Amino acid sequence: MKKLLAGKLICPACLPQEYALHLEIRSAEAEDIVDGTLTCRQCDRCFPIRQGIAFLDPDQQEDRQANRYEQEEVVSSYLWSHYGDLLGDEQATDAYRQWAGLMEPHAGLALDLGGAVGRFTFEMSGKCDLAVGIDRSLAFIKAARRFMQKGELRFTLKDEGLLGHEVVIRRPAQWQPERVEFIVADAQRLPFAAHTATSVASLNLVDKLSKPYAHLAEINRVAAPSGSQLLLSDPFSWSTEAAEIDQWLGGKEDGPYAGKGLDNIAAILRHGHEGLSPGWQVTRRDHVWWKIRTHSNHYELIRSCFIKAAR
């Protein structure tokens, strides 16, 4: 974890109260903390930094292999979905370049929530002072951080059954790894102080969360009250596997969030709903086609509908 990030972090377990974390460094390489701890002196929670990765999820998963997002095949699928265009694969989309193209350059911090294996975070590295990718999947964060450090990443793409082939992605010269970091954290309880982010992105995440409204509230809390921008894109594949129906922000006929998710989220942001203030001005609505690869004969094409907003 980059040393400069430590001063921006708070204890996610103590939210909504915000308490700074005390950093202890046991080993470091230049500006990168390899081993250490971040401790909250209010609740005594200790968040480790291991092999350069800060673990700031207050509900660390004991059995990560039970989570599909820790499985090698799933990591491979996401690596292809993020970086397939760098391989020259004719099946790949340029979704992440499209999303990044919607963001204005700015000073300060950019947060990529649910950033998976990091493509949008890297795309933002030339548009801000520091871009931080956040995900609960350790396997995703390991892959993204390895790419950040090494400049290339080798992984196996599944062809069929037990067959596969190795591919190599290389980091484009315009990306700036010194302005990139990745941490393990929960997008519903962000370890950042209020008003510290100039831009926030949430891509294909909100329908996978147990409390999607809490996610919007966290975005609102960490984003600067003026001069900030938000990009939220999602296919709105609401599922009871992710959240109870009463937590959904759309996809139902009655209740406070009846109708479609994009409409409801736009209204929540625009009107400063239930304490989400100041409100956001929605500047654009559209969609991006995004694709994920399971194996050489199986792809999933996803229409991810987005809102770009500013305040």
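Condition check ((1) outside the structural domain of residue 12 (by TED's automatic domain parsing); (2) out of contact with any Pro (no Cβ under 7 Å at 6 or more places or on another chain); (3) closer than 19 Å to residue 187 by Cα; (4) of a type outside the set (Ser, Thr, Tyr)) across all residues:
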| site | (1), (2), (3), (4) |
| --- | --- |
| 213 | yes, yes, yes, no |
| 221 | yes, yes, yes, yes |
| 232 | yes, yes, yes, yes |
| 241 | yes, yes, yes, yes |
| 259 | yes, yes, no, yes |
| 268 | yes, yes, yes, yes |
| 279 | yes, yes, no, yes |
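If I filter region 18-26 for residues that are farther than 20 Å from residue 169 by Cβ, among the acidic types (Asp, Glu) and not assigned by TED's automatic domain parsing to the domain that holds residue 305, do I get at least one hit?
Checking region 18-26: at least one residue is farther than 20 Å from residue 169 by Cβ, among the acidic types (Asp, Glu) and not assigned by TED's automatic domain parsing to the domain that holds residue 305.
If you scan region 126-141, which residues turn out to be of a type in the set (Asp, Glu) and part of a loop (DSSP other than H, G, I, E, B)?
Within region 126-141, the first condition is being of a type in the set (Asp, Glu), and the residues that meet it are 129, 135.
Correct list: 129 only.
Any chance you could count how many residues in region 261-281 are closer than 11 Å to residue 309 by Cβ and crowded, with 18+ Cβ neighbours inside 10 Å?
Of the residues in that region, 4 qualify.
Let's see how each residue does on (1) surrounded by 21 or more Cβ atoms within 10 Å (Cβ to Cβ); (2) at pLDDT 95 or above; (3) aliphatic (A, V, I, L, M); (4) under 13 Å from the mean Cα position of the chain (by Cα):
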{"residue": "59", "(1), (2), (3), (4)": "no, no, no, no"}
{"residue": "63", "(1), (2), (3), (4)": "no, no, no, no"}
{"residue": "71", "(1), (2), (3), (4)": "no, no, no, no"}
{"residue": "83", "(1), (2), (3), (4)": "yes, yes, no, no"}
{"residue": "95", "(1), (2), (3), (4)": "yes, yes, yes, no"}
{"residue": "98", "(1), (2), (3), (4)": "no, yes, no, no"}
{"residue": "102", "(1), (2), (3), (4)": "no, yes, yes, no"}
{"residue": "118", "(1), (2), (3), (4)": "yes, yes, no, yes"}
{"residue": "132", "(1), (2), (3), (4)": "yes, yes, yes, yes"}
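Inspect all residues belonging to region 198-208 and state whether any of them is without any contact (Cβ under 8 Å) to a residue 60 or more places away in the chain and within 19 Å of the chain's Cα centre (by Cα).
Looking through region 198-208, at least one residue is without any contact (Cβ under 8 Å) to a residue 60 or more places away in the chain and within 19 Å of the chain's Cα centre (by Cα).
Could you please find all residues in region 1-32 being within 21 Å of the chain's Cα centre (by Cα) and β-branched (Val, Ile, Thr)?
Result: 10, single match.
To keep it simple, each residue is scored yes or no on (1) touching a His at 6+ places or on another chain (Cβ under 9 Å); (2) part of a helix (DSSP H, G or I); (3) of a type outside the set (Phe, Trp, Tyr).
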| position | (1), (2), (3) |
| --- | --- |
| 143 | no, yes, yes |
| 148 | no, yes, yes |
| 154 | no, no, yes |
| 159 | yes, no, yes |
| 174 | no, no, yes |
| 183 | no, no, yes |
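Need a quick list: strands (runs of 3 or more DSSP E) entirely within region 28-122 having at least 2 residues that are assigned by TED's automatic domain parsing to the domain that holds residue 7 and within 15 Å of residue 143 (Cβ to Cβ).
Filter on region 28-122 gives an empty set.
Assess whether residue 4 counts as being in a helix (DSSP H, G or I) and outside the structural domain of residue 165 (by TED's automatic domain parsing).
Criteria met by residue 4.
The values are calculated or read from the model by the stated rules, or taken from the named source; none is laboratory data. For clarity, every value in this text was computed on a predicted model and none was experimentally measured. Cβ coordinates were reconstructed from backbone atoms using ideal geometry, including for glycine residues, and neighbour counts include every protein chain displayed.
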